[in-house]
1. Under 14 Å between alpha carbons, and skipping anything fewer than 8 positions from Lys75 in its own chain: which aspartates and glutamates qualify?
2. With labels modelled as points extended 7 Å from the Cα through the Cβ direction, what inter-label distance (nm, one decimal) is found for Glu360 paired with Gln409?
3. Rounding to the nearest 10 and keeping the result within 0 to 90°, find how far the Cα-based axis of helix 116-128 lies from the longest principal axis of the chain.
4. With unit charges on the beta carbons (Lys and Arg positive, Asp and Glu negative) and the dipole taken about the Cα centre of the stretch 250-437, which residue among Ala348, Pro397, Val254 sits farthest to the positive side?
5. With point charges of +1 on the Cβ of Lys and Arg and -1 on the Cβ of Asp and Glu, referenced to the Cα centre of the stretch 6-226, which listed residue (Pro78, Ala193, Val214) lies farthest in the positive direction of the dipole?
6. If you count, for each residue, the other Cβ atoms within 10 Å and average over each peptide, how do 192-202, 206-216, 233-243 line up from highest to lowest?
7. Could you tell me how many cubic angstrom of Cα convex hull volume the chain has per residue?
8. Quote to one decimal, in nm, the extra length available between Ala245 and Asn22 on full extension: 0.36 nm per residue of separation minus the C-alpha distance between them.
Amino acid sequence: MRFKSLLPVLLACGLSTAAFANPYETTLKNGLRVIVKEDRRAPTAVQMVWYRIGSMDEVDGASGVAHVLEHMMFKGTPAVGPGEFNRRVAAAGGRDNAFTSRDYTAYFQQVPKEKLPEMMQLEADRMRHLNVDAKEFEQEIKVVMEERRMRTDDNPQAKLFEQMNATAFQAHPYRRPIIGWMDDLEKMSAADAKAWYDTWYVPNNAYVVITGDVDHQAVFALADKYYGGLEGRPLPARRATAEPAQEGTRRVVVKAPAELPSLIMGWKAPALRDIEQDSEPYALEMLAAVLDGHDAARFNKKLVREDKVALSVDFGYDGTARGPGMIYVSGTPAEGRTVAELEAAIRAELARVQQEGVSEAELKRARAQLVASQVYKLDSMFGQAMEIGQTEAAGLPYTKIARMLEKLQQVGAADLQAAARKYLTDDGLTVGVLDPQPLDGKPRRPAVATRH
């Protein structure tokens, strides 16, 4: 049922409908955008609240505060006690979670569709009425520090990536770890978290994405009911320092107890800014698909199965971000082979792309894999909401997602070769090596389920 009669009511409430095709969008008077993707295949709904605030917006000395505040968002409001949020979602037969990135912080619930109004009420409540209690903070900051120990300090590969990233970026905020440096966490206070919340957790710095078996006009009315009364406020200017041009290879070695050595190679690359005018990000995305997009891709076929120089090797391009883009190649040498041999083999394979290009057959298969992954993504209501939210978080309009796929499919072999020649050079390269040290014999920290 479409509830067409609701439209005049919505407009009377001051909502401006920006689009009339699925997905649908409206903006509340307080600046909160509401995006709804109708999908009737299952009687469920997903709500995601995205805040345009992440670790890149932090300042030196306060690293990790975005992630800490994410933890505190589950500590209650005057209307909902500590931990009650999760209990209510579970009682509704749903699941919820949250995650912090360099570019954004997001919260979600997936519930039976009739429970969506309750979820919207809960999220609206904590958007502006969070209790940042000092005692709760003291407990939660210990949880975050333990999470850092478990996920980074006791994880050699994660430690390597953190150090490599801090070496690759010397000025831009991406050099700081999302979870924060331990010293900053130890010195952080409840007042720091409260200031972060008061500054950035406002409706005009957020957008809500809802997918599922819902009617968009009914959802718009619910959004106005629960979120519409929250006040927006002007946001501070964001002044992220630009990363200066790199002028030579950088190297970092991390010594840590581990069974095997590891290698990470990272190159500076452009991020997608203009969907129509930019071309190189699409070429780099397709290059990643050719080299590592499927089991028969070049890296796995040549370096793992044929030459047996690597146990594993991965090529990835991070090009949809608020900050600079990066190309990452990571791998573990096979038994009896060294990190130096693996680096040389990777360099040789990349040089082959630069000198000889890629075949049309490789490109055709990579295109097919990318299209298939997009189709599979549409099978998930959560996946659809994630795609919309992440695209918007990078500063790109979700309405152009299909166009981005079209542009990707238009990439030719010459485009891949030109991009490889331009960006896979030593001047923009940072190399990180894990030098394995003897294991100390102590039991390793077990993997513990966390909110993220």
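Values quoted throughout were computed directly from the atomic coordinates according to the rules given, and no laboratory measurement underlies them. Keep in mind that what you see is a predicted model, and the values were worked out from it rather than measured. Don't worry about glycine lacking a Cβ; one is built from the backbone with ideal geometry, like all the others, and counts go over all protein chains shown.
1. Here the aspartates and glutamates satisfying the reach criterion relative to Lys75 are Glu84, Glu123, Asp125, Asp133, Glu136, Glu138, Glu140.
2. Computed distance between label sites Glu360 and Gln409 equals 1.8 nm.
3. Once rounded, one gets 80 degrees.
4. The residue sitting farthest along the positive end of the dipole is Ala348.
5. About the Cα centre, the residue reaching furthest to the positive side is Val214.
6. On the way: 192-202: 19.1, 206-216: 23.9, 233-243: 10.6.
The most tightly packed comes first, giving 206-216, 192-202, 233-243.
7. Values: hull volume 70.6 nm³, N = 452.
In the chain, the Cα convex hull volume per residue is 156 Å³.
8. Values: separation 223, 0.36 × 223 = 80.28 nm, distance 4.18 nm.
Length difference between fully extended and current span is 76.1 nm.
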